[in-house]
Every structure is written in C-alpha cells, then in structure tokens.
1. Among the residues of region B:273-328, write down those that are at pLDDT 85 or above and facing chain C (nearest Cβ under 9 Å).
2. So which residues in region B:89-110 are touching a helix residue (DSSP H, G or I) at 6+ places or on another chain (Cβ under 6 Å) and within 8 Å of another protein chain (Cβ to nearest Cβ), if there are any at all?
3. Look through region C:37-59, keep the residues that are within 12 Å of another protein chain (Cβ to nearest Cβ) and hydroxyl-bearing (S, T, Y), and return whichever of them is surrounded by the most Cβ atoms within 10 Å (Cβ to Cβ).
4. Which residue, of A:E194, A:E241, A:E201, is among the charged types (D, E, K, R), surrounded by 20 or more Cβ atoms within 10 Å (Cβ to Cβ) and within 21 Å of A:Q255 (Cβ to Cβ)?
5. Please state which of the following conditions C:E84 fails to meet, knowing it meets all the rest: (1) without any contact (Cβ under 8 Å) to a residue 24 or more places away in the chain; (2) within 14 Å of chain A (Cβ to nearest Cβ); (3) not in a loop (DSSP other than H, G, I, E, B).
6. Only residues that are closer than 17 Å to A:A242 by Cα and crowded, with 16+ Cβ neighbours inside 10 Å: list them for region A:264-277, please.
7. Might you check whether a residue that is at pLDDT below 90, surrounded by fewer than 11 Cβ atoms within 10 Å (Cβ to Cβ), within 20 Å of C:Q246 (Cβ to Cβ) and away from chain A (no Cβ under 14 Å) occurs anywhere in region C:301-310?
8. Please give the number of the condition C:G68 fails out of (1) closer than 29 Å to C:I194 by Cα; (2) part of a strand (DSSP E or B); (3) of a type in the set (G, A, S).
Amino acid sequence: MKKLKREHIDPLLVPPIVKTPKRVWHLARINRRPSIRSSLIILAIVLVTGLLLPVLAPQNPYDLATFSIMENRLPPGSESFDGMTFWLGTDSQGRDMVSAILYGMRISLMVGLVATTIALMIGICVGLAAATFGSRVDAVLMRLVDFVLGFPSILVALVLLAALGRGVDKVIFAIVMVQWAHYARVMRASAMVERQKEYIEAAENLGYSKLRIMFRHLLPNSISAVLVIATIRVAVAITLEATLSFLGVGVPVTQPSLGLLVASGFEFLMSGEYWISVYPGVALVILIFSLNLAGDRLREAFDSRR
Amino acid sequence: MIDAPIISVEDLSRKFQRPPVLAERLLHMVFNSKLPPVVNAVIDMDLTIAHNEVMGLVGESGCGKSTLGRMISGILPPTKGQVVYEGTDVSDLSSADKLAYTLAVQMVFQDPYASLNPRQKIGDMIAEPLQVHGITTSRAETIARVDQVLDEVGLDPDYKSRFPHQFSGGQRQRIGIARALAVNPKFLVCDEPIAALDVSIQAQVINLFMDLRDNHGFTYLFISHDLSVVRHIADRIAIMYLGRLVELAPTHELFAEPAHPYTQALLGEIPSIKRRRRKFQAVKGELPSPLDPPPGCTFHPRCSHARSRCKEEAPVLRTIGPERQCACHLINKI
Amino acid sequence: MNDHLLTVSDLLTVFHFSEGAYAAVNRISFHLKKGEVLGLVGESGSGKSVTGQSLIGLIDPPGEVVSGKILFKGRNLAAMSDEELRLVRGKEIAMIFQDSLSALNPVLKIGEQMIEAITEHDAIALEVARDRTIKALKQVGITAPEARIDQYPHEFSGGMRQRVAIATALLNNPDIIIADEPTTALDVTIQGQILSEVQNLQKNTGTAIIWITHDLGVVSELADRVAIMYAGLIIEVGTIDDVLDQPRHPYTRGLLDSIPAENEPGVRLHQIDGSAPRLSAFPVGCPFRPRCSRKVIACKDSLPPISKGDRGHTWTCHNPIPEETQS
C-alpha cells in the first residue's frame, strides 16, 4: 500500500477525511483480479460458440445432404468441391471437423449443465432435509450418500448405461445418479452450520413449518458453498460424459459429443490422420480447463470476502 | 404479592448428550464402555412467573439460563418435568393451542448479528408471521402493522426495505424485538438482549423494554449475567449455578441481604464507579465444567463457608422467608 | 520536565477506502507515566483499539499510521521501521488481546509459545527460559505450572488462557502492557480474579498499563487516570476522581448517567439518543454533536478546542459542563 503523501493531508480538514489522488473505479468483486476476468472471458467464448451454433458452423454435421463420403479423411486445410475450406479436416464420414467440434461442444456442454443442474437440485433437497430433520432422517440420508459415494462414478455409470442403453437422456440420468451425493454432502454441511444460528430459532419460535424454514430461511443462506462446487463440477460431469461416450456407452452416434468424436477418430490415429481424434480432444480440454479455471476463481472471489 | 402465574416450570430438567455412534453403542452393550458424557444443563428447576412480572435470571456461563429460556419459549423440549402455561402442561396442548402458546411466548436473542435472516428485508421479516398465521388479512393491514411495530421500537418505517447488514447492533436488536412484537405475545424471554451492545445503546434498549412492559402489560423473563442491569428492571431475581436454582428473592431484598454465598460473591464482583482503586478480593477457583460438576453442593470448591456436609450432600431449595428461597445448607431462615 | 514513559502527540491513523481515507484516530495526544494504569475508554468505533495497535505498529493495510509522534524512552516509535518495532514489541511494550483463544497458537504447547517469546528477544539458554516461564505462570495464579506448561491452549479455560496471555506479556519485564479488552469476554467472577491478579502484578513489577475497555466500572477500580474516546478523538482525560466526579464533557456525563447502577431501579434510565457514527460517516465539526444535549452553533463548524483544568484534566468541547453544576 502506498504511503500517504504529507501534502494530501489538510491539517484543518473537517470532517477528518484525507483525500487520496483520484481513483474512481468501483471494484466489483469479479473485477478485482485479471485472472478472473480472463478465465471468464474464455468461458464466455466457449459457451457462446457452443450455444450459438447454427450461425457459426459452416456445415451441419447431422444433415446428410451437406457432406459426402468421398470427402472423408481429408487433412486440415483442404478444399471441398463447393469451395468451402475444411480448416480442421474431415472425419471418416466426410464431415467438416470444425462443425463437428462445434456441435459436439454443444452436446457436451448441454449434458454437463443439465446433469449438474438436476443433480444439484436433488442434492440440495437431500442435504437440506438431512440438516433440518436431523437424527434418524439425517442418519438414513447420509448413509445413502456414503453408499453412493463409495463407488467409483464411472463404474456405476457404466453399469447403469449398460442396463439402459444409449441416449442423451440416459447419459444425463446416469451422471445425475453418480453426482447428486456430492452436492447433498456439501449442502448438509453448510445447512447444519446455519441451522445453529439464532434466526432459525426465531423462525421456529414464530411457528413456521419445517418446510418453510428449510426453503425460505435455511436455503438462501447456505447455498453459496454448494453453488461454487457446482460450477467446478460441471467440468467433472462433462469429463464423465466424454469418458462414457469414448467407451461407447454414452451418447448415440447421431448426436456425437466431443468424447464420441474422439472415439470415432481413434482408429485413424495410427495411420497419421490425427485430426479426427486430436482436435475434438483439444476442444474438450479447453472446455474443461476454462470451466475449472472460472470455477476456481469464482470460489476464491466469493470465499475470501464472505 | 404474586398474581396468577402465567408460566411455571415444575421439576424441569434438560440433558444434552452427543448421540452415541453405532460403534460406541455396541461397545457399551458388550464391554460396558463409557458412552459420551452427559451435560446436565438444567436440573430439577421449579419456578413460577406471575403475570406482568419481570423475573430476572442471572448466572454465569454454563449455568443453564439460556437452556431454561429456550425450554420456556418452547424451542427446546425438556428431558424431564414440564412447562406449564396458563395452567396447562405444554406437552398436553392440542396443536392449535400449541401454536398459540408458541406465538404467545416470544424470544429476544443475544446476538443481534445472528438473530436476523441476512437475506430477508426487515419488512418481510416482520410481515412473514402475520401472513403465515393469518394475523392480518389484507396486504394493507399487514403493512400497517409492520409500520406500527417498527415505530414502536423507535425505527423509521421507511427502513422496511433494508437488509440487516445495513443496521447497527442496537438497531438490529430493535428489529428483533419488533419481530417478536408483531405476533402479539404475552411473554418475552429476553436472552442477554443487551450484552452485545455498546454501553450507551444499552440504556436505550433497557428503556424500550420498560416502555413496552408499561404499554402492553408484558411479562418478561430477563436473562443476563449483569446483575446491575437486572437490578434495574426486574421485580424478582433468580440466581442459577450449574443448572440449579440457588437463590430466589425480590430484587431489593436480594441486594440488601443476599443469602447464598454465590450471590454474595456475584454482588461483590460488580464493578462500580463509586469504588476507586479498590483492592479486588476475588472468588477463588474456576467455573466448573458442566461435564464434570463437583459432588455435593456444586459451589463448595469456591465457597468460603464450605463445611464437610457441603462436599457430600447437594442442598435442597428451601423457603427461607416470604417469597425467598435458597439452596444452601447453612441458611435456614432469613 | 518529563517523567512520562510514553508521550503521544497528534497521532493520526487512517483507513483507506476507495474514495479516500478516514481518520480512525484523529490527531490525539496523551501521555503515560511510569508505573501508572491509564484506562482508555470508548465504545465500538471510538478508535480505542486502533490507538493501542498504532502504538506498536500493529496497523496493517488498509490502515496506516500517517503522522504524529510516539515518544518512548527517547525514541519515536512512529518513525521506526517494522524491524525495529518488532524488537520493541514483546520486550519493552507487550500487548494482551481480548480473545485469548485466537491469540494463542492452538497446535503449540503453552510452554513452547512462551519460551519462544523469551528467546526471540534474549539469547538465553532454554532451561533458563523455561524456569522464567514457570515462574511467570505461578505469578498469575496458575496452579501446578510445571505440569501445565506442557498443555495445549484448548486444555485451559477462558480465564486461564487470559492469565497465560498476561504471563506471556510479563515474561520480558516490559515497561508497558497494552491490554485490549482482556476481560470483556469473561464471566464476572473470573473477571474479578484477573483484575485482582493484574493489580498485584502491577504493584510488584511497576509495569505501566494502558487498559482499553468500554466498562467504566472496571476502569474506575483499576486505573489511576482515564481517557475517554469518541469517534477518533480523546474527548476527556484526567485522574479517575476528576473525570468521574466532575466530568466536563457531555458524553462522559451521559455515559455515567446511563449506567443502571447510577439510576433509581425501575425508573427510566438517562439515555444518550442516537448511536455512534460509523468511520465513513463522522459528522462535520464535533462528532458528538448529533447526540449532544449541550450543542451550540460552533459545534457544527469546527473541531472543539482542548481546554485544560487542574491536575492535567483536559476536555475537548465547545460548551463543556461548567464546574458548579456538579452535584
């Protein structure tokens, strides 16, 4: 911190304010560190490209009419018949990699976000209930949570999907099943701390129902921790989906996510046609990385001051 | 002169124990190992509070006064004994009557920072019970009532839309009182309501309590560790030590002639601006932990009058004069 | 002319906000004599704790000690570097805080922490340091110190921990102890014990004490002189008898009158309306003006002047309470 210069202090100043040189910008919490800004910018770019697709992609990889198998496995930079440049090459079906990646990113993101949101909602309800009702209810719910968390998530998801088959909705279901317990645990921990506070006792004293206390009083004040965890875990959900798709049990071929794209290009890696696998992989890494970074920075920003 | 009692407690006790884990329970069954320790927060309390009376409840940390307050307001159930409200045992009340009792006995909390929901506007905070319980029937009526109680505690009704963090400690305490007032209580349990406030604000809040009592005919249980504050506002004072009632007397008599050695010690410790550079003569010994209270009379390790009987036998609360009770082997009559 | 151990002149400590800096301690001056107990009384926001911390360089950003002189044994503490201050802290001026639990390191044994306090300032053998520690613990009334020296802070009760803090402060025989609300969080009977210990120790060692508190009752029984602070200013200072019997500043009078024990039981207490201003909202002119029953025009325009009376009794008021009206 700069030391205050003597000439800025007016000895007769009344009220006792000493003016520092002009520096007006209001420091919003997020604006405080450049790294937060940059990670959020990357994230915003990723999200926007993922969601605004039809406008950006040169080609719709699902529309069979737009690509031709005769153009398959072309290296990056090649030209198609109709003058379009395949900037990242084509895959085994002749689809433009750029388009495929953009669409794949959208699927990956969508699955990740939807699964996380649903898992979050379930986890919040379970965690709140455990904290509010205590004793038996708490014991039963937490044993359930422990049980779910005891299994490696990929294994459980694999088993579930083997039983359910392929499909985006089934993937979301499987991811929700293995993720909700994390949120339940964090929510319960925050809620239990808040529950000790006197305003909750006051609410009980005013005759409110347990449900009202749970959602109107406890929830808004204990949700911040679990929300921050959720932003980080979206990346986990996406990774999980990518892994499942790579293994062939995730999303169907008609709606390829980045993981599936990586898988479909795998067989060509050894013959030097790396672009079919590698570029979707790179896109996946960037997606996860920027989500993690943003989540991390958000956590720092909200933790330190609250 | 005791009027019809509004609340009395009979033989009231409250234990706390961390619920034993399954492993501990099994070990206890098989090997008779120790279960988690029990804290006897309140032990066999008998107390009667009359209508429109201010009962002061004084004690230091660990004496159980907050626990007793919470049992009386219905937030915490007793493990033994009963709370009797207007003649009926509280646990026997029908659910409609139970609700009436819960609303009639309101609590004012110690910590002005933790006792208000940080995410609720204070107007909503006060309006909520009115709407939930149908105390007011229209929106206009609700707003009018909120304005009324805010005004009564000395806050500008325009503050309705503000959040707790925008207020000072003293103002927050007033908001807590307004919230309690909104539901038309009859009995207020005030748990150290001014301990966390600045000295110059304490006088304001004490005056507020006194005004409310005069205007509404409230009955108070005023819990505090500060005897000089309690002296000012209370009609009778009950002194607690480690979960038990050790002395009960009308205020002026307690100060004129304290019977129990602990009361005498407390009185001696009150700093006074009239005494200058005096020699402190402190009570010896530590406050015992409620987990491990001394045998017999729990005060005996610190008592300058302790005899051998005090180490073995816990004294019973005895009436030693008109409206005076004391639990000490050495005091028979005032 | 000075037998003053500590002389503070025009101490100014500010806190930086984005819009400017506010003075938490607004150019105050006071002194401390050798071996005396000075009570520093004020409510929250008065600047009393900041004053204590400013004296020994414990003010961290966004706070800053901007100007003023702190003369101690011929040196100006305000002009010293962090390193020099560190040598003074703990050895010649020690501090005791309100929350004893967070003032002690929970993962170190009491003995280790206390011995560290000695060896940081004196290069002496560990055995000697250990003996000194045991003696200090005995002095503050801790029984079986040889055993307790190997215990952890959580094994001590609140009152005991505070005694440990006092013992630690005394280890290096400081000239001054600054005690910041050390008994506020303690029960009344324990407070009495601590105050009694402090009195004895003070008599035996002759250490000067600055006792920071909001409790006038404690100060009246412990202190020789008292300084009352409000919104960063010392509004009245003098001997205990002078200030408590003949307060000249309306705030002091108001504080004394609002003490329950000074009022008839059952009668409405004298109260000071309003509340203390926040640091970022100190009023122009005299900061007490909005709450004052004796305000005059001048109070709005300028900070009040300092008036002097007998025996070093001074007050800062445009319209002080005249001497005759005291009962």
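The values are calculated or read from the model by the stated rules, or taken from the named source; none is laboratory data. All figures in this text were calculated on a predicted structure; none of them were measured in a lab. In this analysis, Cβ positions are derived from the backbone assuming ideal geometry, glycine residues included, and neighbour counts consider all displayed protein chains.
1. B:R302
2. Hits for region B:89-110 are B:Q106, B:M107, B:F109.
3. Here the answer is C:S46.
4. Answer to the check: A:E241.
5. Checking C:E84 against (1) without any contact (Cβ under 8 Å) to a residue 24 or more places away in the chain; (2) within 14 Å of chain A (Cβ to nearest Cβ); (3) not in a loop (DSSP other than H, G, I, E, B), the one that fails is (2).
6. The answer is A:S264, A:G265, A:I276, A:S277.
7. Taking every residue of region C:301-310 in turn, at least one turns out to be at pLDDT below 90, surrounded by fewer than 11 Cβ atoms within 10 Å (Cβ to Cβ), within 20 Å of C:Q246 (Cβ to Cβ) and away from chain A (no Cβ under 14 Å).
8. The failed condition is (1).
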